[in-house]
Ligand code: 4AD
Ligand code: MG
């Protein structure tokens, strides 16, 4: 079987030669003596035109095929007389594999993204989702390539865990207890013997591996029972969490910026057709903007300076701007879209709104944290330098009511050869959105899990 992508890119080599393609019919037009099929084989974003004539013994059956049907075609690649495509396949044999029933929900008209979410199992057969999921796949590869080429070790953090890394109380529970024992909080009969859940972040685990390998990263699914019904939150999402030893917050930001630029360039180079599609139909000017981002420095501002900028903006925000409050999406988007007009790192957040493991700054009010905000989305990366001092970390945990017993293994890293280290978490779906211009996280996840929705 030939791949349509290869036929497009190297069609000179195949002209007037026999080819075989298999795929799903996008459209079919027939007349008495011949017909045209737009066939998509999934290897490429574009479909290929198949011409069939009434000298084929099954001409009648082919003519009756409808959108969605699968066929295998043997034929010759010839120059196309039409102007729409440079070449087409003149078929000698069309083998009908699977007839699509008439109520096939993907018809030629343009469907809304909302409707396509209700047929998440069929939407990869549309142009938009073909492009989105091919780019998503490439982005995953880009991330592995970036870290592997730099000598990072890929660590698989556990999915089931007993520690809530972010301390935000957003863990989904995993238990084998009956409702009765659950009500009594009697975990003696539980599979794990204690309260377990799905991981919200692999960070604590990967910090321990960082203290052995020096440079590590995770790339896996994470889960949050966060009841946020927005276009940027999912209950199940993938996160990339690098962790580097002998490194501070500046090293961390440098790594985040280099990684972001690398993966942007990677997809622009490896998926030019898909990126052209997004540029034309999803987000005008996307390619130019991404090229600019990958070739200029990101902005940097402290949280305290960011609050001043927001206060001076005279803009009406729904949430009050006040030192000590977390930045809301509207604030983040103002900073990155209207003020800096490029990606911006916000650093040194108040300790009260950030996780327990972040390194306390000398001012004792802020921590060495950084969030990377990008236009169109807001926060895409959250990271920090970690508190490597055992005593400071313990008193921080006491303040927050976290039990030192539960985190004994984590505290061991600070007992046995502690060293300054830093890391961050990149929300993979948010990066896919940023690179493709897609507006809703539900449209960059194959089968999204969001409040009241775990279908498929
Ligand atoms: O800022 P967060 O909560 O940071 C952490 O989990 C740290 N442990 C990371 C680290 O330092 N190793 O999450 C990191 C990123 C966010 O910036 C965001 O892009 C994404 O994960 N994220 C979500 N993406 C989709 N849906 C959600 N509900 C998300 N919550 C966080
Ligand atoms: Mg965050």
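Before moving on, here are some points about what is shown:
- Its relative contact order, with pairs defined as Cα atoms under 8 Å and 6+ residues apart, puts the chain at 13 percent.
- Added length on full extension, which subtracts the Cα-Cα distance from 0.36 nm per residue, residue 175 to residue 191: 5.1 nm
- Computed log10 I(q)/I(0) for the chain at 0.08 Å⁻¹: -0.59, from the Debye equation with unit scatterers placed on every C-alpha and solvent omitted.
- Cα convex hull, region 372-416: 103 Å³ per residue, rounded to a whole number.
- For region 178-242, a Kirkwood radius taken over Cα pairs fed into Stokes-Einstein (4 °C, viscosity 1.567 mPa s) yields D = 90 µm²/s.
- Helix 390-400 and the longest principal axis of the Cα set of the chain meet at an angle near 80°.
- Cα gyration tensor shape for region 40-114, rounded if a/c is under 1.5, else prolate or oblate: oblate
- Neighbour counts of other Cβ atoms within 10 Å put 436, 126, 112 in the fewest-to-most order 112, 126, 436.
- Rounded to two decimals, the Cα-based Rg/Rh of region 247-356, with Kirkwood Rh, is 1.03.
- One chain, two ends: residue 10 and residue 291. Fully extended at 0.36 nm per residue, the span grows by 98.5 nm beyond their Cα-Cα distance.
- Whether region 142-199 is rounded, prolate or oblate, judged on the alpha carbon gyration tensor where a/c under 1.5 counts as rounded: prolate
- The value of relative contact order for region 319-434, using C-alpha pairs under 8 Å at least six residues apart, is 22 percent.
- Acute angle (nearest 10 degrees) that the helix 203-213 long axis makes with the longest principal axis of the chain, alpha-carbon atoms: 90
- Note that region 331-456, at 25 °C in a medium of 0.890 mPa s, gets a Stokes-Einstein diffusion coefficient of 146 µm²/s from its Kirkwood radius over C-alpha pairs.
- Over the residues of the chain, the helix contribution to mean residue ellipticity at 222 nm works out to -9000 deg cm²/dmol, using -39500 (n - 2.57) for each DSSP H run of at least 4.
- For the pair region 266-304 and region 131-198, the centres of their Cα atoms are 31 angstrom apart.
- With semi-axes defined as the square roots of five times the eigenvalues of the C-alpha gyration tensor, the equivalent ellipsoid of region 1-71 measures 22, 14, 9 Å, largest first.
Rule-based calculations on the coordinates, nothing more; no lab input. On a predicted model such as this, the values are computed, not experimentally measured, just so you know. Cβ coordinates were reconstructed from backbone atoms using ideal geometry, including for glycine residues, and neighbour counts include every protein chain displayed.
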